[in-house]
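Here the structure is laid out as structure tokens; the discussion comes afterwards.
Rule-based calculations on the coordinates, nothing more; no lab input. Note that the structure is a prediction, hence the values are computed from the model and not measured. A quick note on method: Cβ atoms are made from the backbone with ideal geometry, for glycine too, and the neighbour counts reach across all protein chains shown.
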Amino acid sequence: MTIDASSRVFATTSERGLRQELPPMRLWHKAKKLGIWNPRDIDFSRDILDWQAMSERQRTGIARQSALFLAGEESVTLDLLPLIMVIAREGRIEEEMYLTSFLWEEAKHVEGFRRFFDEVAQDHSDLSHYHGPNYRRIFCEELPNAMNRLLTDASPVAQVRASVTYNLIVEGVLAETGYYGYTRELTEQGKMPGMQQLVGLVKRDESRHIAFAIYYLSRLMAEHGDVVWEALRERMNELLPLTLGVVNDSYDAWGDDPPPFDLPREEVLAYATTQFQKRLQRIERARGQTLDEINRVANELDEAEA
Ligand SMILES: [Fe+2]
Ligand SMILES: [Fe+2]
């Protein structure tokens, strides 16, 4: 894409300036304070002892869940760039400034989960056998294809399909369900404090990523109308069976044996379904809102959280 010098306008040196009141700028300021934690500072010394005291089957359960997170974090780190490129080409400087922190945070999440395998589990084997068929469909096909499509198709529908896959399903349903698992398996048992801390920090970063997506998808709806909402609902529904399939694959891997933690399959499926519905309902509330209303609601929510 060649840019004609005469059409190049810099927002920040124009009368428009930098729009501090936009929700992505609020998230940017938050990310500069809360997103700067260092994965290398987490103390895993108690985790090593707790890990050794666990049963073989419990270790397999935690390793499986962490292998899903680790490849998932790698995947979202690798696959975000086409979305950033669309935002950059549209000259949305405030959104891109926030997205620089988003990508850096995903990179730190990769580092944090890899530390678990290197230093706690001390497992350098190939972990891909933990990735079941539904997981592979999402992370090896649906996610990279939806994101890479943006390199040649930046239409609103392509943007929505990418963001729904990345933000609402992977971050908003799958990762949330994963945190729930760690809470039930580790936090409530008082086990592996380093891992608990890592998951808590990742979850806090991810809450900003999801807040950005809610703003971004609401903005697309305000700009392009119901075609965006229809594409969003369709994409959500396409991915729901695969999303629940990830949970089912993890349980099916135990065969006839009961899973090692007291966490029934039905409880996790119900949690994932509730998350799915919450994400859909949240976006539906923005239907018909103007850009000004979206900005006001997003900033009010931000205030309430702070
Ligand atoms: Fe992440
Ligand atoms: Fe994220």
Subject >> Protection proxy ranking, peptides 73-80, 27-34, 42-49, average beta carbon neighbours within 10 Å, highest first >> reply: 73-80, 27-34, 42-49
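At a Förster radius of 51 Å, what calculated FRET efficiency corresponds to the Cβ-Cβ distance of Asp43 and Met85, to the nearest 0.05? Intermediate values should be presented prior to the final figure.
On the way: r = 38 Å, r/R0 = 0.74.
Efficiency computed from Cβ-Cβ geometry: 0.85.
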**OP:** Within segment 55-83, which residues have the backbone N less than 17 Å from the label spot 7 Å out from Asp153 along Cα→beta-carbon, could you tell me?
**Re:** 82-83
**OP:** Report the local net charge at Met192: Lys and Arg +1, Asp and Glu -1, summed over other residues whose C-beta lies under 10 Å from its C-beta.
**Re:** -1
**OP:** Please list the non-local residues whose amide H lies under 5 Å from the amide H of Lys191, H modeled 1.01 Å from N, same-chain partners needing a gap of 5 or more.
**Re:** none
Subject >> Using alpha-carbon coordinates, inclination of helix 93-115 to the longest axis of the chain, degrees >> reply: 10
Subject >> Phi to ³J(HN,Hα) by Karplus 6.51 cos²θ - 1.76 cosθ + 1.60 over segment 273-287, Hz, x for Gly, Pro >> reply: 5, 5, 4, 4, 5, 4, 4, 5, 5, 4, 5, 4, 4, 7, 4
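So, with +1 on the Cβ of K and R and -1 on the Cβ of D and E, and no other charges, what is the size of the charge dipole of the chain about its Cα centre, to the nearest 20 debye?
560
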Subject >> Two-site FRET efficiency, Arg16 against Tyr180, from Cβ-Cβ distance with R₀ of 35 Å, rounded to 0.05 >> reply: 0.25
Original post:
Gln189 to Asn248: FRET efficiency via 1/(1 + (r/R0)^6), r the Cβ-Cβ distance, R0 22 Å, to the nearest 0.05?
Top reply: 0.35
Original post:
Can you work out ³J(HN,Hα) from phi for every residue in segment 158-163, in order, using Karplus 6.51 cos²θ - 1.76 cosθ + 1.60 and θ = phi - 60°, giving whole Hz and x for Gly and Pro?
Top reply: 5, 5, 5, 5, 5, 5
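Pairs of alpha-carbon atoms within less than 8 angstrom and 6+ residues apart define the contacts here; what relative contact order does the chain have, in percent? Intermediate values should be presented prior to the final figure.
Details: 297 pairs, mean separation 78.9, N = 306.
Relative contact order of the chain: 26 percent.
Please compute the alpha carbon radius of gyration of the chain, then divide it by the globular-protein estimate 2.2 N^0.38 Å. Two decimals is fine. Walk me through the numbers on the way to the answer.
On the way: Rg = 20.1 Å, N = 306, 2.2 N^0.38 = 19.4 Å.
After normalising by residue count via 2.2 N^0.38 Å, the value is 1.04.
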Original post:
For segment 188-195, what does the Karplus curve 6.51 cos²θ - 1.76 cosθ + 1.60, with θ = phi - 60°, yield as ³J(HN,Hα) per residue in whole Hz, taken in order and with x for Gly and Pro?
Top reply: 5, 9, x, 10, 6, x, x, 5
